[in-house]
Structures are given as C-alpha cells and as structure tokens.
Amino acid sequence: MRRSPLKYIAPVFGAVVLLAGALLITRAAGKAPRPNIILISLDTLRADYLGCYGCPLGTSPHIDAFRRESVQFMQALSQARTTATSHMSIFTGLLPPVHRVSSWLRSRDNAKRFDLAQLDERIPTLAQYLRENGYHTVGLHNGGLVSPDFGFQRGFDVYSEQLVPWLRLHKKPLGLRFVQKLLQRAVRNKKPLFLFLHTYTCHAPYIKAPQEMRERFLPHPLADLPVESIPDGSSFWSKYKSFWAAIDGNNEAHRRQVRSLYAAEVNYADWIVGRILALLKENGFYEKALIVLVSDHGEEFWEHGQTSHRQLHIETLHVPLLIKFPGGKDGGKRILDRVGMFDLMPTILDHLRIEPRVPLQARSLLPLIRGRESGHRPVLSFEDGLQFVRFQRGPYVYINGIRTTPGDWLFDAVHDPGETRNLAIARPEVVREMRSVAAGIMEEQRRIRARIVQGAPALRGLAPGLQKQLEALGYL
Ligand SMILES: [Zn+2]
C-alpha cells in the first residue's frame, strides 16, 4: 500500500489548532509597558503592490521607509477574504467560524436564518482589553463593513466614520485635523492612546486617487473607461457597479488599465500613511509608539477568473504586516515564516503583558521575532466560517471551495506559488485526505466556539438546502 502523501499531518490536527490558542506570555519583572498604539488598516491592499514586497512600480515610498524601522512579515495571510470577517479576526484573535462575524451571514435574510446579530458579548476585543488596561481608545474608520453593526465599536471610547474624510483627503488639507487634536490631547492627558485608523482607499472602484498620481501609473488611459470619481453624490455601490460595468474582462488592455488604476490607489494610500506618520512625528508620538500597518485582504485581477476579493487564492489573502515596536526595536527584521495576520492581536497583548480572558486561536509573534521559534504556522483562512476553508500542509495548498464555486482546489505551493495549476483531478488521493482534514478543522472550530460561547446555538435554523450540503460534506 502506498504511503499517504499527507503523512506529515498530525493525527490530531484539531488539537494543534486548539493548542495554537495558548498564548505564551513571558512574565518579565517590572512595570508592564503601555506605549501608544496606532493600528492602520489599509483595506484591500495586496502585499505585492508594495515596493517592500517586491512591486517595481514605485507605489509605496512612505511604507517602504516605514518598513526599515519595522518588523516585516513576508508571508502574512488573512483569515478571511472579506472585510468584516477578516477585521473581526484581527480584533478577537479568533478564526471566522468561532467569532462568526460576516457580512454574508448578516445579510437581510441570513441574519435571521443564522440567528446572528453582532459579535457575541462573551468574546472580548482588542479595544476592550486595551481600555480595561488604561488606554483611551479611538477608532476613526471608513464605515461600511467595520461599522458598529458588527460589534466593532466594542471597547472604543470614540468610534466614528465622520471625523476623517478618508476618501477625499487630498482635497482636504485639514482632513486629519481631528487626528492632530487627538494626539495633542493625548500628550497632555498622559493616558496611553490606542488609535485604530481604517480606510477603503485601495478598494474598488479605483477612481479615488488624485489626477497627478493616476497619471503617473496610467499616462495613456483608454477612452470611455472611468478613471476618476465624478462628484455626483451617487452612492459607493452605484459607483462600484458602474465602474465594473464598463470593464471587459476579456480585453487585456482593460485589465492593464484596471491594474494601473489600482496601483495609483495604492500610491494614494501610501501618501495617506505618509501624512499620518508625519503627524505622529510632529507630535512626538512616533519614536515610542507601537505602530502597525496591515490590510484585511488583498485583491484579485482575473488571476483565477474573478475580480475584487471573491476567492481564497493567494492574491486575495497575502497581505502586508509591518510592526514598528517602541524605539524601533528589531526594526528592519524580515520574518519569512508563514503567519496568520490575526496573530497581530496576541502580539500586541503579549508586548503589553496582558493576558486574554478567553483562549485565543492566534498566537503572539514575539517568539518568532525574537528567534525563540521558527517555522511556518498552520494558517487557516475561511469564506465566512460556515464551511469553506483554505490551508496548507506540506507542499500542498487546499481550498474546499467558495460559496459561489464549491469544489476542490489543490496547488503545489513549492513549484506553483501563484496557484495557477489545479491538481485536484490529477491527485484524487491527496484531495480525499485534504477533505477529511477540512472536515476535522470545521468540527474542531464548532467545538471551540461552543467552549468560548457556552450555550451558544451551533447553527440554529439552517436553510434546508445548506443543511443538506453541509451534511453531505461531513460538516454536520
Ligand atoms: Zn476589506
């Protein structure tokens, strides 16, 4: 009998996932540090569009300079492809099937069907931990999928989408005035500040960058395609739809233009980061602060036949993760091991010596940074936490489908890092084993959810079709 190609999979993989929740906190003598913490989330920023992740286009001079003072994670993967789900993993250190926050689950019909409203009260967030430990907590976000509807306001003293005009900052020289006032007040108050900044600058439609930036990346735009936002007051979604309606995905010139427009948006986001970092420096915050730059997911440009961020392939999950520690400690270090982007949350708690009340699935990155640990971590990513999962074991990346396209994807991550050749048909024995691992992962997630949110209904009121589908896949 042939030996299983997956012999490296631990027999009790679920236990490994659970053990990953044990946050190792090294108790050092002395007072726990309480630096100011600035968490910048640039929505929809795929890593490889930044110079410091290999982009040759000159999109990111400010972020590249910041990288030299930060620890850079070269292979950080998102836990979800969508904004609300991914951000909630950052805020809770839990995987999507455990925190169960998702825009799809909250859609008008599904919210009732799945009995979901917001993040469960029993799950604490990063902002809550920080406020409990003396921080003034402020979130200046760009609305939509990080709005209070999902529970993101939990733990924040101020949580607002009104105070910074994120998508029009180049036209508003005083757009960051509130941030400046906040920093000045924080200096006077002597209370540590946790500031969460979130912007959709890179998100489609890619028509927000100022003209001079756009022309740098797209000097000769095609006629009749949208290149800049018309200030007509139309909604985000109507602009989004009309942008994509004009694009022909089969036309390579259209594709090139879309990618160039995205590069300009990344350049605009980089300019915003530059403004924020300058403010931090001018107000004496930069040097001693812990500053993080991250994205919730990447973006796809027809690599696997789709646009936006609809699938669980590498271009949608590989995100930048840069952490500047107080005093620039470990600055310039590059970590090559694969990590979960949500490992950020326990890293911050670990640095502050705050012990979480519930066991986290994410793990502090400090042992990797300080050389006490090495090797890839078993990173999991999910559609929304109900059934579709992506993971890598040994040389194989496996995805058991997405909502719109159920089916197996199997890639050789060593020889095909861009995930261009689906080996699912050619390696049925590997797929069989991967399916079984996937089912085990989902089962384990349900157990962890039940343990953390005791008495929570498993999946109450599943639609009959989905119930059958999940049963057939072995998830129920
Ligand atoms: Zn997003």
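The values are calculated or read from the model by the stated rules, or taken from the named source; none is laboratory data. These numbers come from a predicted model, not from an experiment. Please note: Cβ atoms are built from the backbone with ideal geometry, for glycine as well, and neighbour counts cover all protein chains shown.
Points worth noting:
- Unmet requirement for GLU429, which otherwise passes all of (1) without any contact (Cβ under 8 Å) to a residue 60 or more places away in the chain; (2) more than 25 Å from the chain's Cα centre (by Cα): (1)
- None of GLY340, GLY298 is under 25 Å from LEU410 (Cα atoms), within 16 Å of the ligand (Cβ to nearest atom) and small (Gly, Ala, Ser) except GLY298.
- Restricted to the range 268-370, the set of helices (runs of 4 or more DSSP H) holding at least 1 residues that are in contact with a strand residue (DSSP E or B) (Cβ under 6 Å, 6 or more places away or on another chain) and surrounded by fewer than 23 Cβ atoms within 10 Å (Cβ to Cβ) comprises 314-317, 366-369.
The rows are residues; the columns are (1) away from the ligand (no atom under 16 Å from the Cβ); (2) under 22 Å from SER86 (Cβ atoms); (3) basic (Lys, Arg).
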{"position": "ALA32", "(1), (2), (3)": "yes, no, no"}
{"position": "ARG46", "(1), (2), (3)": "no, yes, yes"}
{"position": "TYR53", "(1), (2), (3)": "yes, yes, no"}
{"position": "GLY58", "(1), (2), (3)": "yes, no, no"}
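- The one condition in (1) more than 20 Å from GLU299 (Cβ to Cβ); (2) more than 16 Å from the ligand (Cβ to nearest atom) that PHE91 fails to fulfil: (2)
- Here GLY284 passes the criteria (1) away from the ligand (no atom under 16 Å from the Cβ); (2) within 26 Å of PRO210 (Cβ to Cβ) except the one numbered (2).
- The sole residue among LEU368, LEU360, LEU280 that is more than 30 Å from VAL258 (Cβ to Cβ) and touching a Phe, Trp or Tyr at 6+ places or on another chain (Cβ under 6 Å) is LEU280.
- Qualifying positions in the range 334-373 - β-branched (Val, Ile, Thr), at pLDDT 95 or above and under 26 Å from ALA450 (Cβ atoms): ILE354
- The residue of the range 308-337 that is farthest from SER70 (Cα to Cα), among those that are within 16 Å of the ligand (Cβ to nearest atom) and in contact with a Gly (Cβ under 7 Å, 6 or more places away or on another chain), is HIS309.
- The criterion of at least 2 residues that are out of contact with any Pro (no Cβ under 9 Å at 6 or more places or on another chain) and at pLDDT below 95 is met by the following strands (runs of 3 or more DSSP E) wholly inside the range 374-476: 406-412.
- Of residues in the range 209-247 being of a type in the set (Lys, Arg) and under 26 Å from the mean Cα position of the chain (by Cα), the one modelled with the highest pLDDT: ARG214
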